[in-house]
Ligand code: AMP
Ligand code: DBH
C-alpha cells in the first residue's frame, strides 16, 4: 500500500560492514558527532564571531554555551535520544544553538524549509512521528504560530517551541538552563533528516549519519578552501543541504569562518551585506545568480571582497556562467549536489572551459558513479544516461520508505539519481535533464504527482498532468494541463487554481505557473499520459509566444 507507514518500515539502511571499515580506516569517518564542529569551534576560535544575523552576532563560545543550555531545556521538556524534532526556521542565529543542542542530546532535527506549509509539515510529522516542532514567531510576513495552530491536533504535537513571542506556546527563551555536561557520542547513528525534492506524492526524508555528513562537510571545506579568513554569506535557506553542508554553514563553522545570514536573496540586501562584512563567498541557485548579475552592473556597493560564487541546485547555463567572473571579479564554482549524498564540484583551479560547461566532478575519490542506458548497461563517456552513485556519504535508503527504496536503489546499493547526465573522460559531469517526474523551479524541486493529486480533488477537474516548461530565469516553471469534468460549470482561471491549492496548505513554490486546458491528453503506447509530448507542446507554445 502506497501511503502506509508502518512500524516495520526501516529508519536507516546501513552501509555494508566492509565499506564502514574502509571509510574508518581511510579516515573519512572519524567517529565524531556533528556536535564536534561547535565544541572544537569553541576551543579553537573561542571569541571569534561565528554568526551575524539581522539583529545580533554570536561568538563560537556563545553558540556552544547556549547550545549546552538549550540541550538541558530540551531534555527537561522530554525530548530524548532518537526523538525527531521538526525545525522550521528562517536564517537566524538561534538556528545554530538549536541544532547543536539537538545533536548534543542525540535528538534528530527534521530540516523543514521556511516555505513549507501545513501539507508538508503534516507529512513530515506523520512520517517522522515528531512530537516537537520549533519555529520562529514570524518571518517574511508569515506567522508560523498560525501554522502551528492549524496542524497541532492533526500532528499530535506535544511541544511547539517558538523563537520570539511564543503566545500560548513554549518560548525558546525559557529553555536555557544549566549547561549539559555530557554530550551524545554515537557517530554511526542518524544525525538529521534532510528532505528530498520528491518524485512521488510522499516527501522523502533522508537519514544522514554523523559520520557520513561530517565527512561531506570536511571534504567540501577542503575543496572550497574555506578558512578562518572566509566570510560566508547565506542567502538561501540554511537548512537546505546546499547551504547547510556544501560547505555551507556547517563548513564555515568547521573552518573557523564567519557566517553572515541574509533574510532573503535580494541583491540589494546581499550587496549591502557583502560590502559591510567583506563577504568572501556565497552560494546561489541559478535564478538568483541571474538577478545578481543584472544588478551588479549598476551597483555602487563594493563587492571586491568576493572570491567565490557557488551556483547549484539546477542547471546553470554556460552563457550565464561565463558572466560571473567579468562581473563579480571572482571565481565561479558549479555545484551539482543532492541531499541524498553525492556532491560534484568544479575545482577552484579548473580551466574556465570546465567551469563554464560542466557541473563538476565527484567530491570524493571514494564516490562511485555509473551512467547507464535504459537496459541498465553503462554507456561510453560522452553519451547520456541515468546517473547512479554510491559512496561514503550517499544514503542506502530513505527513511521509512521500504517500497520506494526498492526502486530508488539498486540491489548493490547504488542510488538512482533520476538525473540524465553525460560524463566526459576526465570524469566531469554535464547534467542533461531528468527521468524524474519533477519540475526544477530554479533549484526548488516540485513533485508533479503531489500537485496533481491535490488538483484531482477539485470539483471541476477530471484529469490533470503537470510538466516543466522552459523559463529563462527559473530554468523551469510548472504548467498544469487540465481536462475539465463534464459537469464543470466554468473554467477555473490560474488565480482560482493557485488559490485552491494554497487553501489546501501547499507551499507557494509548488503552485502551477500556468494552466492549459485540453480535451484529450496525448497518450503513450501503454495508455499513460505522455508527459514528454506535453512538455514539447508547452515548449513550442512558449517559443512561439516569444517570437510573436
Ligand atoms: P534533491 O534530491 O531534492 O536534493 O535534489 C537534487 C537534484 O537537484 C539533483 O538530483 C538534480 O536533479 C538537481 N540539481 C542539483 N544541482 C544541480 C546542478 N548544478 N545542475 C543541474 N541539476 C542540479
Ligand atoms: O539541489 C540540491 O539538493 C543540492 C545542490 C547543491 C545539494 O543538496 C547540495 C549542493 O548539497
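The values are calculated or read from the model by the stated rules, or taken from the named source; none is laboratory data. Note that the coordinates shown come from a computational prediction; the quantities given were computed from them, not determined experimentally. Heads up, the Cβs are rebuilt from the backbone with ideal geometry, glycines too, and the neighbour counts pull from every protein chain shown.
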Checklist outcome for this item: Checked 397, 385, 391 against criteria (more than 16 Å from ligand 2 (Cβ to nearest atom) and closer than 21 Å to residue 214 by Cα); the one match is 397
Checklist entry - What about residue 481, is it over 25 Å from residue 114 (Cα atoms) and part of a loop (DSSP other than H, G, I, E, B)? => result no
Checklist outcome for this item: Expected output for the stretch 80-91 (first residue under 14 Å from residue 163 (Cα atoms), partner surrounded by fewer than 19 Cβ atoms within 10 Å (Cβ to Cβ), Cβ below 8 Å, 6+ apart or cross-chain) is 88/113; 90/140; 90/263; 91/263
Checklist entry - Which one is surrounded by the fewest Cβ atoms within 10 Å (Cβ to Cβ), of the residues in the stretch 461-483 that are more than 30 Å from residue 319 (Cα to Cα) and at pLDDT below 95? => result 462
Checklist outcome for this item: Given the conditions (1) modelled with pLDDT of 95 or more; (2) out of contact with any strand residue (DSSP E or B) (no Cβ under 9 Å at 6 or more places or on another chain), every one holds for residue 119 apart from (1)
Next on the checklist: I need the full set of residues from the stretch 114-148 which are free of Cβ contacts under 8 Å to residues at least 24 places away in the same chain and surrounded by 19 or more Cβ atoms within 10 Å (Cβ to Cβ), in order please.
Outcome noted: 148
Checklist entry - Which residues, taken from the stretch 220-274, are at positive phi, within 16 Å of ligand 2 (Cβ to nearest atom) and surrounded by fewer than 24 Cβ atoms within 10 Å (Cβ to Cβ)? => result none
Next on the checklist: Quick check on the stretch 7-22. Is at least one of its residues out of contact with any helix residue (DSSP H, G or I) (no Cβ under 9 Å at 6 or more places or on another chain), modelled with pLDDT under 95 and over 20 Å from residue 178 (Cβ atoms)?
Outcome noted: yes
Next on the checklist: When the residues of the stretch 294-326 are narrowed to those that are more than 23 Å from the chain's Cα centre (by Cα), away from ligand 1 (no atom under 15 Å from the Cβ) and under 23 Å from residue 237 (Cα atoms), which ends up surrounded by the fewest Cβ atoms within 10 Å (Cβ to Cβ)?
Outcome noted: 294
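Kindly indicate whether residue 317 is away from ligand 2 (no atom under 15 Å from the Cβ), closer than 27 Å to residue 471 by Cβ and in contact (Cβ under 8 Å) with a residue 12 or more places away in the chain.
Yes: the conditions hold for residue 317.
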Next on the checklist: Condition first: closer than 16 Å to residue 310 by Cα and either at pLDDT 95 or above or touching a helix residue (DSSP H, G or I) at 6+ places or on another chain (Cβ under 7 Å) (or both). Can you find one or more residues in the stretch 193-211 that meet it?
Outcome noted: no
Checklist outcome for this item: The number of residues in the stretch 431-442 that are touching a helix residue (DSSP H, G or I) at 6+ places or on another chain (Cβ under 7 Å) and within 16 Å of ligand 2 (Cβ to nearest atom) is 4
Next on the checklist: If a residue counts only when it is out of contact with any helix residue (DSSP H, G or I) (no Cβ under 7 Å at 6 or more places or on another chain), which helices (runs of 4 or more DSSP H) contained entirely in the stretch 237-335 have at least 3 such residues?
Outcome noted: 267-277, 286-296, 318-328
Item to check | Hits in the stretch 334-349 (condition: more than 10 Å from ligand 2 (Cβ to nearest atom) and crowded, with 24+ Cβ neighbours inside 10 Å) | outcome: 346
Item to check | Residues located in the stretch 28-68, provided they are in contact (Cβ under 8 Å) with a residue 60 or more places away in the chain, farther than 25 Å from residue 164 by Cβ and surrounded by 17 or more Cβ atoms within 10 Å (Cβ to Cβ) | outcome: 28, 29, 33, 34, 35, 36, 37, 39, 41, 45
Checklist entry - What number of residues within the stretch 350-363 are surrounded by fewer than 20 Cβ atoms within 10 Å (Cβ to Cβ) and within 16 Å of ligand 2 (Cβ to nearest atom)? => result 0
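So that you can scan it fast, the table gives a plain yes or no per residue for (1) without any contact (Cβ under 8 Å) to a residue 24 or more places away in the chain; (2) within 16 Å of ligand 1 (Cβ to nearest atom); (3) over 20 Å from residue 475 (Cβ atoms):
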{"position": "237", "(1), (2), (3)": "no, yes, no"}
{"position": "247", "(1), (2), (3)": "no, yes, yes"}
{"position": "258", "(1), (2), (3)": "no, no, yes"}
{"position": "264", "(1), (2), (3)": "no, no, no"}
Next on the checklist: Taking the criterion of being assigned to a loop (DSSP other than H, G, I, E, B), under 25 Å from residue 100 (Cα atoms) and within 16 Å of ligand 2 (Cβ to nearest atom), would at least one residue in the stretch 188-196 satisfy it?
Outcome noted: yes
Checklist entry - Can you name the residue in the stretch 400-430 that is under 17 Å from residue 197 (Cα atoms) and more than 16 Å from ligand 2 (Cβ to nearest atom) and is also surrounded by the fewest Cβ atoms within 10 Å (Cβ to Cβ) among such residues? => result 407
Checklist entry - Within the stretch 341-416, which strands (runs of 3 or more DSSP E) (wholly inside it) include 1 or more residues that are within 20 Å of the chain's Cα centre (by Cα) and within 21 Å of residue 434 (Cβ to Cβ)? => result 341-345, 385-390
Next on the checklist: Being over 26 Å from residue 237 (Cβ atoms) and away from ligand 1 (no atom under 16 Å from the Cβ) narrows it down to one residue among 453, 424, 402, 407; which is it?
Outcome noted: 402
